[in-house]
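So the structure is just underneath, and the comments pick up after that.
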Amino acid sequence: MNNSAVNAARLLGAGLRALLVLTVICGIVYPLAVTGIAQTLFNDKANGSEIKDKNGQTVGSSLIGQTYDLPKNDPNDAQEAARPDLKWFQPRPSNGLGSNSVNTQYALILSGATNRSADNGAVNGTCTQDAEEGTLCAQVVSTKEAVIADNSTADHQVKPQDVPADAVTSSGSGLDPHISPAYARLQIHRVAERNGLKVTQVEKLVAEHTTGRTLGFMGEPRVNVLELNTALKALSQS
């Protein structure tokens with residue numbers, strides 16, 4: 001056997017040994033070590049930040065928003081508009097990618113925002129009912145009207161100035177699981193009425209599920225809608 005063949009065999013052997021060693025380290029040892037550390041130190045987050053109800057059933061993830069709608073009259077009608085189930089706290093809109101997007105109802109296929117300017121569809125610089133259909137202004141105006149109508153009760157009238165921005169606009173991802181404390185408080189009277197609860201009971205529930213700024217200065221106060229509705233279900237059934 002000549003030297004070139006011997007050298008080739010040595011290189012091939014070294015390559016195979018490196019492949020085997022790296023496969024064991026990167027494909028077995030490292031994943032097991034990382035998984036073990038994650039499960040030991042961050043078990044909840046590693047498993048998807050699942051939220052469970054009082055019966056121990058997983059109802060969703062605290063990281064992903066979801067809708068609370070009434071069943072469709074015709075489940076096979078893709079064009080039928082979703083109707084919110086007003087016994088629950090409602091999340092912010094999830095049509096960040098527009099009305100033709102696959103992500104109009106917190107679908108997880110993709111996420112994103114319209115990237116439209118704040119005055120998209122504005123008339124003389126103001127969003128009015130004359131805004132062109134399909135524009136951001138038209139969406140905001142119609143959504144605001146629905147929020148006012150849905151959340152006004154016999155003994156509590158929601159005023160237009162009470163509606164916060166997150167009640168009528170989607171988040172950058174379209175999957176935000178949180179709403180502002182202001183939007184949660186706006187829904188209290190309607191939720192209390194629909195569930196046969198006292199307003200003070202629901203106010204306490206919102207206060208208990210309001211999270212402050214991270215480390216006291218990052219981000220904004222927020223309320224996780226899924227966690228709040230899970231607690232609301234437990235309270236209304238108690």
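Every number here is computed from the coordinates shown, using simple stated rules; none is lab data. What you are looking at is a predicted structure, and each value in this text was computed from that prediction instead of being measured. Methodologically, a virtual Cβ is constructed for each residue, glycine included, from the backbone with ideal geometry; neighbour enumeration extends over all protein chains shown.
Points worth noting:
- Full-stretch length increase - residue 12, residue 234 - with 0.36 nm per residue and alpha-carbon distance subtracted: 73.4 nm
- Trypsin sites (Lys or Arg not before Pro), loop per DSSP, at most 11 other Cβ atoms within 10 Å - longest free stretch of the chain: 55-197
- Coarse-grained scattering of region 121-201 at q = 0.13, 0.18, 0.22 Å⁻¹, given as base-10 log I(q)/I(0) from a Debye sum over alpha-carbon atoms: -0.48, -0.82, -1.06
- Two-decimal Rg/Rh across the chain, once Rg and the Kirkwood Rh are taken from alpha-carbon atoms: 1.19
- Whichever lysines have a C-alpha closer than 27 Å to that of residue 159, once near sequence neighbours (fewer than 8 apart) are set aside: 87, 144, 198, 204
- Degrees between helix 225-237 axis and first principal axis of the chain (Cα, 0 to 90, nearest 10): 60 degrees
- For the chain, the longest site-free run once chymotrypsin sites (Phe, Trp or Tyr not before Pro) in DSSP loop states with at most 14 other Cβ atoms within 10 Å are removed: 43-216
- Model label sites at residue 130 and residue 162, defined 7 Å from Cα along the beta-carbon direction, differ in position by 3.0 nm.
- Within the listed set 16, 186, 86, the residue fluctuating most in the Gaussian network model of the chain (springs between alpha-carbon atoms under 10 angstrom) is 16.
- Å³ per residue enclosed by the Cα convex hull of region 3-46: 39 Å³
- Loop-located GluC sites (Glu not before Pro) in region 123-176 whose Cβ has at most 15 other Cβ within 10 Å (DSSP): 132, 133
- Relative contact order, percent, region 18-74 [alpha-carbon distance under 8 Å, six or more residues apart]: 17 percent
- Model label zone, residue 194; criterion: amide N under 16 Å from point 7 Å along Cα-to-beta-carbon; scope region 170-186: 179, 183-186
- When cysteine pairs in the chain are screened for C-beta atoms closer than 4.7 angstrom, the residues that find no partner are 26.
- Partner lysines for residue 54 [C-alpha distance under 16 Å; skip if fewer than 8 residues away on the same chain]: 233
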